[in-house]
Amino acid sequence: MEPSLGLAWTSAIVAWVAAVPLWRFTQHTITVAHEGGHAAFGVVTGQKITGIKVTANGGGVTNFAPGIPWLADLLITLAGYLGPSAVGLGGVFLLLHGRPGVVLWASLVLLALILIKIRNGLGFVAVVGTGLVLYWVLHTWSEPGQLAFAHFWVWFLLIGGVRTITNLFWGVARNNQESDAAVLAKLTLLPDIVWLGIFWLGTMAALVYGGARLLRLDQ
């Protein structure tokens, strides 16, 4: 089934509502994607993941065994705030090639892999809850319904990726030395405000480019 322009716009609006006014209730899903980005690059760079936690304030932490090399540490830290947007862009590519089911199944598989490393109750609820929604859609919704939800899901990841930068902004403003920007500042000697800007530009570029493709504004 070919997606319509109306579907793209409607799913974008619904996703914006979920990612902005309802952020208090949906932010943990984006946090899972954020920590998944850290974990993915940890695996790619050969680091041992000891656990992933999601906190009540919308934050999270991915712990690794000691002794991470400088470059691996840099890549792992960079991957967090860019993670949701990267997954969203991957979803855009799949939707443009008519694979909404693959978008949902791939997301479900990624959640299952993250679940293996979850080490606290809230993280377990966030991952399992999101996974159950995806599983329910895949097994009970019709093909048009799955197409609509896949569009919503991709938009939510793209918009949520930008929305989560607000949390980083407050972390930088409050001189939080545990934020990803502060960690990158220690690794590179570039100020944390520079890394805040890089994260914002990266997530915004993903939203603009991915959104333009879904809305066919680049045609």
- Quick one: count up the residues across the stretch 14-71 that are out of contact with any strand residue (DSSP E or B) (no Cβ under 9 Å at 6 or more places or on another chain), farther than 20 Å from GLY88 by Cα and either in a helix (DSSP H, G or I) or among the aromatic types (Phe, Trp, Tyr) (or both). 3
- Message: Tell me the residue from ILE193, ILE159 that is part of a helix (DSSP H, G or I), over 28 Å from HIS97 (Cα atoms) and not polar (S, T, N, Q), please.
- Response: ILE193
- Query: So which residues in the stretch 45-73 are free of Cβ contacts under 8 Å to residues at least 60 places away in the same chain and farther than 21 Å from ILE30 by Cα?
  - Reply: THR45, GLY46, GLN47, LYS48, ALA65, PRO66, GLY67, ILE68, PRO69, LEU71, ALA72
- For the stretch 130-145, name all the residues that are within 21 Å of TRP16 (Cβ to Cβ) and in contact (Cβ under 8 Å) with a residue 24 or more places away in the chain. THR130, LEU134, VAL137
- Item | Verdict on ILE76 being crowded, with 16+ Cβ neighbours inside 10 Å, β-branched (Val, Ile, Thr), in a loop (DSSP other than H, G, I, E, B) and without any contact (Cβ under 8 Å) to a residue 60 or more places away in the chain | no
- Query: What pairs can you find where one residue is in the stretch 25-44 and touching a residue at least 12 places away in the same chain (Cβ under 8 Å) and closer than 13 Å to ASN57 by Cα, the other is among the polar types (S, T, N, Q) and assigned to a helix (DSSP H, G or I), and their Cβ atoms are less than 6 Å apart, with a gap of 6+ or different chains?
  - Reply: THR29/THR130
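One line per residue, one yes/no per condition, for (1) within 19 Å of the chain's Cα centre (by Cα); (2) under 21 Å from ASN63 (Cα atoms):
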| residue | (1), (2) |
| --- | --- |
| ALA173 | no, no |
| GLN177 | no, yes |
| ALA181 | yes, yes |
| LYS186 | no, yes |
| PRO191 | no, no |
| ILE198 | yes, no |
| GLY211 | yes, no |
| LEU214 | yes, no |
- Message: Scan the stretch 149-168 and tell me whether some residue there is in contact with a helix residue (DSSP H, G or I) (Cβ under 8 Å, 6 or more places away or on another chain) and over 18 Å from ALA18 (Cα atoms).
- Response: yes
- Note on the structure: Exception for ALA72 within (1) touching a Leu at 6+ places or on another chain (Cβ under 9 Å); (2) more than 26 Å from TRP23 (Cβ to Cβ); (3) modelled with pLDDT of 95 or more falls at (1)
- In the stretch 1-13, what residues are part of a helix (DSSP H, G or I) and out of contact with any Leu (no Cβ under 6 Å at 6 or more places or on another chain)? LEU5, GLY6, LEU7, TRP9, THR10, SER11, ALA12, ILE13
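The values are calculated or read from the model by the stated rules, or taken from the named source; none is laboratory data. Just so we're clear, the structure is a prediction, and the values are computed from it rather than from any experiment. Note that we place each Cβ from the backbone using ideal geometry, even for glycine, and neighbour counts take in every protein chain shown.
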